[in-house]
Amino acid sequence: MALWDRLKESASTMQTQLIAKKNDLKSGAFRDSSMAMCALVAAADGTVDPAERQRVAQLIATNEVLQNFPADDLRHRFDDNLDKLTADFDFGKVSVMQEIAKAKKKPAEARAVVQIGIVIGGADGDFDKDEQAVVREACYALDLPPHEFDL
């Protein structure tokens with residue numbers, strides 16, 4: 001199976017798993033962590049062009065699991081995290097990782113945050129090495145083994 005096909009299958013499987021857990025993913029910690037993860041993946045290469053920002057914002061707005069939260073609230077949190085990363089990536093990353101780590105207390109939420117990162121990263125069909133690297137770092141912040149997610 002080609003890498004592209006495996007990536008699509010993996011992202012699809014993770015989205016299915018997220019939907020199955022939707023009713024368990026309603027905490028503020030999950031909301032904050034998942035928006036930080038989306039911003040981190042969007043800015044993984046150190047830059048965010050307007051088209052990429054819009055694409056990720058659209059994915060957030062249409063993600064069934066994230067519909068537990070008001071769309072405007074999610075957009076605001078995503079934009080705030082993204083602004084921190086675009087102003088100073090290294091400094092912003094420290095703050096964003098702290099947001100991601102909020103989900104650490106609940107393993108199901110922590111796993112869901114990582115899965116959202118993989119779904120967002122793979123949405124354009126190319127879960128590149130920069131995106132994989134930041135999701136791997138997030139695994140460490142959440143006390144999860146990256147190999148659990150093939151990272």
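Mind checking whether some residue in the range 122-129 is closer than 22 Å to Ser95 by Cβ and assigned to a helix (DSSP H, G or I)?
no
Note on the range 11-29: residues that are modelled with pLDDT of 85 or more, assigned to a helix (DSSP H, G or I) and touching a helix residue (DSSP H, G or I) at 6+ places or on another chain (Cβ under 7 Å) total 1. Can you name every residue in the range 30-55 that is in a helix (DSSP H, G or I), open to solvent by 10 Å² or more (accessible area, probe 1.4 Å) and more than 12 Å from Phe69 (Cα to Cα)? Correct list: Pro50, Ala51, Glu52, Arg53, Gln54, Arg55. The residues in the range 99-116 that are touching a residue at least 40 places away in the same chain (Cβ under 8 Å) and not hydrophobic (A, V, I, L, M, F, W, C) can be counted, and the count is 6. Scanning the range 56-67 for residues that are surrounded by fewer than 15 Cβ atoms within 10 Å (Cβ to Cβ) and assigned to a helix (DSSP H, G or I) yields Gln58, Ala61, Thr62, Gln67.
The values are calculated or read from the model by the stated rules, or taken from the named source; none is laboratory data. These numbers come from a predicted model, not from an experiment. Because the Cβ atoms are built from the backbone with ideal geometry, glycine has one as well, and the counts that use them run over all protein chains shown. Please note that ligands, DNA and RNA were not included when accessible areas were found on the heavy atoms of the full protein model with its side chains. Shrake-Rupley method; radii C 1.70, N 1.55, O 1.52, S 1.80 Å.
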